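The values are calculated or read from the model by the stated rules, or taken from the named source; none is laboratory data. In this text, all values refer to a predicted model and were calculated from it rather than measured experimentally. Cβ sites come from the backbone with ideal geometry, for glycine too, and all protein chains shown count toward neighbours. To get the accessible areas, we keep the full protein, side chains included, count just its heavy atoms, and leave off ligands, DNA and RNA. Shrake-Rupley method; radii C 1.70, N 1.55, O 1.52, S 1.80 Å.
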Amino acid sequence: MNRNFTRKNFISLFTLGGAALFVTLKPRAYAQQPPQIPAPRNPLDRELVKEFVIKGHSDLPAVKQLLEKEPGLLNACWDWGAGDFETALEGAGHMGNKEIARFLLGKGARINLFCAAMLGQLEVVKGILALDPGLKFSKGPHGLQLLHHATKGGAEAAPVLEYLKSIGAQ
């Protein structure tokens, strides 16, 4: 073993080795083409978004009709003011409307903790609260907390409701 191996020798060797590795690597196909940037889209009609969110609370036929007319409504959010934002899925969630919630999720809507609680998805709720226990006190649309959503979920969400009560959710 060479005992004269110094820090300077190590850095030189490391630099040459890294350079050799860099030179031998072939460029990847995706590096040769710039990323595709989607064309700008026009914002959705505000009143259509509001109608979709309202119908998301309780009117499945209207939700289906509006979504067919404008697929971009799926995750559209209405601002009720003062930071109270809501999607159609969240409307279905706090009303306990599982049929609408499942329809929207089946179309690709983004689920959240509140909807998971209403649908009785105990493992999802536990997993998210394990990451951040303080979320048990977070507020969803209209300031409604997890306990409300789990209550609206009925028998299917009873295990979630029991779990939330056991950890002191309000």
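Take the residues of the stretch 69-94 that are part of a loop (DSSP other than H, G, I, E, B) and among the small types (Gly, Ala, Ser): which is nearest to residue 139 (Cα to Cα)? Show your work before the answer.
Let us first name the residues in the stretch 69-94 that are part of a loop (DSSP other than H, G, I, E, B), namely 70, 74-76, 80-84.
This time we only want the ones that are among the small types (Gly, Ala, Ser), so: 76, 81-83.
Details: 76: 19, 81: 15, 82: 13, 83: 11 Å.
That would be 83.
Is at least one residue of the stretch 141-162 assigned to a strand (DSSP E or B) and either open to solvent by 20 Å² or more (accessible area, probe 1.4 Å) or farther than 28 Å from residue 51 by Cβ (or both)? It would help to see each step written out before you state the result.
Going residue by residue through the stretch 141-162, those that are assigned to a strand (DSSP E or B) are none.
No: the stretch 141-162 contains no residue that is assigned to a strand (DSSP E or B) and either open to solvent by 20 Å² or more (accessible area, probe 1.4 Å) or farther than 28 Å from residue 51 by Cβ (or both).
Is it true that some residue in the stretch 47-56 is more than 29 Å from residue 164 (Cα to Cα), under 22 Å from the mean Cα position of the chain (by Cα), open to solvent by less than 40 Å² (accessible area, probe 1.4 Å) and not aromatic (Phe, Trp, Tyr)?
Yes, the stretch 47-56 contains at least one residue that is more than 29 Å from residue 164 (Cα to Cα), under 22 Å from the mean Cα position of the chain (by Cα), open to solvent by less than 40 Å² (accessible area, probe 1.4 Å) and not aromatic (Phe, Trp, Tyr).
Out of the residues in the stretch 136-170 that are among the aliphatic types (A, V, I, L, M) and at pLDDT below 95, state the one that is nearest to the chain's Cα centre (by Cα). Even if it seems obvious, please write down each step before you answer.
First pass over the stretch 136-170, keeping only residues among the aliphatic types (A, V, I, L, M): 144, 146-147, 150, 155, 157-158, 160-161, 164, 167, 169.
If we keep only those that are at pLDDT below 95 as well, we get 167, 169.
Values: 167: 24, 169: 22 Å.
The residue in question is 169.
For the stretch 34-44, check the following and say yes or no: at least one residue is in contact with a Gly (Cβ under 9 Å, 6 or more places away or on another chain), in contact (Cβ under 8 Å) with a residue 12 or more places away in the chain and either exposed (fewer than 13 other Cβ atoms within 10 Å of the Cβ) or not in a helix (DSSP H, G or I) (or both).
Checking the stretch 34-44: at least one residue is in contact with a Gly (Cβ under 9 Å, 6 or more places away or on another chain), in contact (Cβ under 8 Å) with a residue 12 or more places away in the chain and either exposed (fewer than 13 other Cβ atoms within 10 Å of the Cβ) or not in a helix (DSSP H, G or I) (or both).
Here is a list: 75, 112, 97. Which entry is of a type outside the set (Gly, Ala, Ser), out of contact with any Phe, Trp or Tyr (no Cβ under 7 Å at 6 or more places or on another chain) and loosely packed, with under 15 Cβ neighbours inside 10 Å? Spell out the reasoning first.
Numbers: 112 fails: loosely packed, with under 15 Cβ neighbours inside 10 Å; 97 fails: loosely packed, with under 15 Cβ neighbours inside 10 Å.
Criteria check complete, one pass: 75.
Looking at the stretch 118-135, can you tell me whether even one residue there is part of a loop (DSSP other than H, G, I, E, B) and hydrophobic (A, V, I, L, M, F, W, C)?
Yes, the stretch 118-135 contains a residue that is part of a loop (DSSP other than H, G, I, E, B) and hydrophobic (A, V, I, L, M, F, W, C).
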